[in-house]
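One structure is given below, encoded as structure tokens.
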Amino acid sequence: MYQVLIADDELSVLKSLMDGIQWEELGLTVAAAVNNGEEALQILKTGEIDIAILDIRMPGLNGLEICEKLCREQENLQLILISGYAEFSYAERAIRYGVLGYCLKPIEFEQLTRFLLKAERNCEKQNAQLPDSDLLDVLERGDQETLEKILKSSGMEKEAYVAVTVGENLVSVKGACMVELGREQYGYFMKKPLEPDVLEAWTAKKENLGIGYEEEKIPLEKLSETLNECQVRAFQYFIDSGEKVCCRQSPGQNDFLHEIRAKISANQWNQIADSLKELTEKGWQKFDVRYALRLCNLVHSGNLFREEENDYYVYSIRQLTSQYRNMRDMLKRLTDDIREARESEEKQPVYSNMAFMELMSYINENYKKDISLASAAKNCYMTPNYVSQLFKKETGMTFVHYITQLRMEEAVRLLETTKKSTAEICSMVGYNDYFYFLRIFKKYTGKTIKQYRAEL
């Protein structure tokens with residue numbers, strides 16, 4: 001919640017403001033209510049206040065003088081003035097100092113509420129600004145010197161608290177260093193830990209999926225590693241349905257994965273299906289979403305992250321959670337896929353040229369979105385296995401290889417014809433994982449994004 005200061009030398013006005021505004025409903029907290037300008041200025045200089053409501057006339061130091069002193073020092077501070085005098089000179093000076101609103105006494109609470117809502121929107125816009133467009137690149141390179149400078153510009157030294165959110169809305173954290181990690185994924189380096197009321201306000205919104213954070217302050221050299229860990233925690237809702245907040249690290253399930261890998265090597269697919277069914281019945285509480293991703297790729301490809309062009313390959317946790325509703329849904333569909341694959345070995349599908357044309361039309365219209373073999377098959381009323389075999393027969397390449405080719409060609413075009421950031425291009429060509437996009441681009445072009453831009 002954003003912090004509000006109220007300053008007025010009339011105690012009755014202070015009480016009226018405290019009682020007359022629905023602060024909690026607005027997502028605001030009155031951090032201080034004082035009756036003189038000197039005390040108000042000292043509190044405001046701490047930098048902890050987001051919105052200030054100041055009386056123009058107060059003994060010692062009035063509201064306009066406070067505005068004059070702070071307008072250059074704290075550009076992001078939202079200022080609202082109140083006065084019993086409708087004088088143009090007051091309003092003129094208020095505008096000059098960047099004051100958001102000017103309310104006359106007796107105060108109309110509806111008008112003041114409108115100003116407060118506007119102030120809150122301004123705060124959200126300011127907190128949403130990225131500190132450095134190359135922050136993701138800095139994290140990828142492990143450039144600690146540059147990372148230190150970025151953190152310092154946001155008031156942090158060589159350590160920070162870390163959090164990651166998955167969902168439509170940003171977490172409003174004052175002084176945070178925020179970076180977009182992928183589609184609806186945001187990472188935060190913060191001076192302070194996330195407050196319980198911030199967590200509660202964010203998770204209360206249905207469209208927000210999960211948040212992962214670290215309770216301890218993390219040193220500079222471990223920030224990138226911790227950011228990745230918090231990203232995993234933010235997706236833990238996939239495993240623990242309904243649990244949006246996670247601050248712990250799961251022990252994982254390597255033993256189960258080893259068991260599945262051994263059965264794949266022995267071509268024991270019926271036993272694999274039985275193991276998945278047993279896992280569904282006994283529960284998967286010790287799983288974290290990383291192991292769910294590995295299990296999915298292991299069953300579909302017969303290996304672990306070696307054959308990225310496999311049609312069933314799921315390249316990121318975000319893609320996994322958009323492809324399956326939750327862990328239970330994933331296990332059921334993996335079991336169904338095993339049965340379908342066994343059945344398809346016994347009968348050769350009949351290919352249709354019309355079906356292929358329909359498929360190609362769908363791909364060319366939707367490759368910039370979060371498209372997968374499963375989603376393409378569903379929209380074209382085919383089975384995934386049929387689509388995979390049809391594609392290989394007609395094009396000589398895998399479904400995923402073709403999608404990747406289309407996306408990389410579009411990424412190159414955007415680099416050559418626009419000034420879009422790397423993160424923007426990543427999202428525009430259909431990837432929801434920034435670091436995977438960087439890796440695929442280098443594999444496709446033989447160059448990093450920066451190298452490619454430098455040669456244009």
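I'm checking my understanding of the structure. Among residues of region 186-218 that are of a type in the set (Gly, Ala, Ser) and under 26 Å from GLU25 (Cα atoms), which one is surrounded by the most Cβ atoms within 10 Å (Cβ to Cβ)?
Going residue by residue through region 186-218, those that are of a type in the set (Gly, Ala, Ser) are 187, 201, 204, 210, 212.
Keeping just the survivors that are under 26 Å from GLU25 (Cα atoms) gives 201, 204, 210, 212.
On the way: ALA201: 17, ALA204: 9, GLY210: 24, GLY212: 27.
Looking at residues that are of a type in the set (Gly, Ala, Ser) and under 26 Å from GLU25 (Cα atoms), I get GLY212.
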Could you pull out the residue among ILE56, ILE107, ILE51, ILE43 that is at pLDDT 80 or above, in contact with a Leu (Cβ under 8 Å, 6 or more places away or on another chain) and closer than 24 Å to LEU170 by Cβ?
-> ILE51
What residue, among those in region 42-83 that are touching a helix residue (DSSP H, G or I) at 6+ places or on another chain (Cβ under 7 Å) and in contact (Cβ under 8 Å) with a residue 60 or more places away in the chain, is nearest to SER154 (Cα to Cα)?
-> ASP50
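Residues are listed down the side, and each one gets a yes or a no for (1) touching a Ser or Thr at 6+ places or on another chain (Cβ under 8 Å); (2) within 14 Å of LEU79 (Cβ to Cβ); (3) outside the structural domain of TRP202 (by TED's automatic domain parsing); (4) buried (at least 17 other Cβ atoms within 10 Å of the Cβ):
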site: ASP9; (1), (2), (3), (4): no, no, yes, no
site: LYS15; (1), (2), (3), (4): no, no, yes, no
site: GLU25; (1), (2), (3), (4): no, no, yes, no
site: ALA33; (1), (2), (3), (4): no, no, yes, yes
site: ALA40; (1), (2), (3), (4): no, yes, yes, yes
site: THR46; (1), (2), (3), (4): no, no, yes, no
site: ILE56; (1), (2), (3), (4): yes, yes, yes, yes
site: PRO59; (1), (2), (3), (4): no, no, yes, no
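Take the conditions of a type in the set (A, V, I, L, M) and part of a helix (DSSP H, G or I) and apply them to LEU223. Does it pass? Spell out how you get there, then give the answer.
Details: of a type in the set (A, V, I, L, M): yes; part of a helix (DSSP H, G or I): yes.
Yes: the conditions hold for LEU223.
Just checking, does region 66-88 include any residue being of a type in the set (Phe, Trp, Tyr), outside any loop (DSSP other than H, G, I, E, B), modelled with pLDDT under 80 and surrounded by fewer than 17 Cβ atoms within 10 Å (Cβ to Cβ)?
There is at least one residue in region 66-88 that is of a type in the set (Phe, Trp, Tyr), outside any loop (DSSP other than H, G, I, E, B), modelled with pLDDT under 80 and surrounded by fewer than 17 Cβ atoms within 10 Å (Cβ to Cβ).
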In region 246-270, what residues are crowded, with 18+ Cβ neighbours inside 10 Å and under 26 Å from PRO193 (Cβ atoms)?
-> CYS246, SER250
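Give the residue that is surrounded by the most Cβ atoms within 10 Å (Cβ to Cβ), with candidates limited to residues of region 395-443 that are touching a strand residue (DSSP E or B) at 6+ places or on another chain (Cβ under 6 Å) and not in a helix (DSSP H, G or I).
First, the residues of region 395-443 that are touching a strand residue (DSSP E or B) at 6+ places or on another chain (Cβ under 6 Å): 423, 432-434.
From the residues that got through so far, the ones that are not in a helix (DSSP H, G or I) too are 432-433.
Details: ASN432: 22, ASP433: 20.
That would be ASN432.
Please verify whether region 378-390 includes one or more residues that are basic (Lys, Arg) and in a loop (DSSP other than H, G, I, E, B).
Of the residues in region 378-390, the ones basic (Lys, Arg) are 378.
Restricting the remaining residues to those that are in a loop (DSSP other than H, G, I, E, B) gives none.
Scanning region 378-390 turns up no residue that is basic (Lys, Arg) and in a loop (DSSP other than H, G, I, E, B).
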Here the residues within region 175-197 that are of a type outside the set (Gly, Ala, Ser), out of contact with any helix residue (DSSP H, G or I) (no Cβ under 7 Å at 6 or more places or on another chain) and either part of a loop (DSSP other than H, G, I, E, B) or over 18 Å from LYS217 (Cα atoms) (or both) are GLU184, TYR186, LYS191, LYS192, PRO193, LEU194, GLU195, ASP197
Hey, any hits in region 172-185 for a residue that's more than 18 Å from ASN228 (Cα to Cα), surrounded by fewer than 19 Cβ atoms within 10 Å (Cβ to Cβ), among the hydrophobic types (A, V, I, L, M, F, W, C) and outside the structural domain of GLN319 (by TED's automatic domain parsing)?
-> no
Meets criteria (farther than 30 Å from GLU145 by Cβ and either surrounded by fewer than 20 Cβ atoms within 10 Å (Cβ to Cβ) or at pLDDT below 85 (or both)) for GLU221 = no
Quick one: how many residues across region 399-439 are at negative phi and touching a residue at least 40 places away in the same chain (Cβ under 8 Å)?
-> 25
Looking at region 89-104, which of the residues that are under 22 Å from ASP50 (Cβ atoms), at pLDDT below 70 and not small (Gly, Ala, Ser) is surrounded by the most Cβ atoms within 10 Å (Cβ to Cβ)?
-> TYR97
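Would you check if there is a residue in region 350-366 being under 27 Å from the mean Cα position of the chain (by Cα) and either assigned by TED's automatic domain parsing to the domain that holds SER322 or basic (Lys, Arg) (or both)?
no
The values are calculated or read from the model by the stated rules, or taken from the named source; none is laboratory data. These numbers come from a predicted model, not from an experiment. Ideal geometry is used to build each Cβ from the backbone, glycine not excepted, and the neighbour counts take in all protein chains shown.
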